[in-house]
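Asks: Dropping the structure in here first, questions after.
Where a number appears in this text, it was derived from the coordinates with a stated rule and is not lab data. What you see is a predicted model; the values in this text were computed from it and never measured. Quick reminder, even Gly has a Cβ in these numbers, built from the backbone with ideal geometry, and neighbours come from all protein chains shown.
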Amino acid sequence: MFDRMNNDRSLLGIIAIENTIAGSILQNHELLRKSELSIIGEYKLRISHVLAALPGETMDDILEVNSHPMALMQCGDFLQAHPKMKVVEKTIRPVVPKKFHTVIFRAMLPFAVNWLPKSIT
């Protein structure tokens, strides 16, 4: 995004640079510092996470949660309350596997419900 905005000054972009739970997002601060761009405004967005699983599965069935490190950090209290759930960091948006293993049920923690279609949320 930074490269594209540097090359096309007609574009505006929105990035996260601060998180009330996790603190500063240092990678984005560094990208901003290295660019020729500047901050012109602020927008506060409430993020709400969901734990997505297959229909009929219960909390007891979930043994692994996959998500972006920031989302996992934001859900730290929930995950600490469920210590049997293995936490797996993914740096891209999680994808629901086509086939779930019978031994380990995996769930995903989407980045936020904001990207889900209205019919799902």
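Asks: Would you mind putting 48-54, 68-74, 7-13 in packing order, based on average other-beta-carbon counts within 10 Å, highest first?
Replies: Values: 48-54: 14.7, 68-74: 18.1, 7-13: 8.4.
Output ranking for 48-54, 68-74, 7-13: 68-74, 48-54, 7-13.
Asks: Express in nm, to one decimal, how much length is gained between I14 and V50 on full extension, taking 0.36 nm for each residue of separation and deducting their alpha carbon distance.
Replies: So the chain would gain 10.7 nm between I14 and V50.
Asks: What translational diffusion coefficient, to the nearest whole µm²/s, does the stretch 1-91 have by Stokes-Einstein, given a Kirkwood radius computed over alpha-carbon pairs, a temperature of 37 °C and 0.692 mPa s viscosity?
Replies: Answer from the Stokes-Einstein relation: 207 µm²/s.
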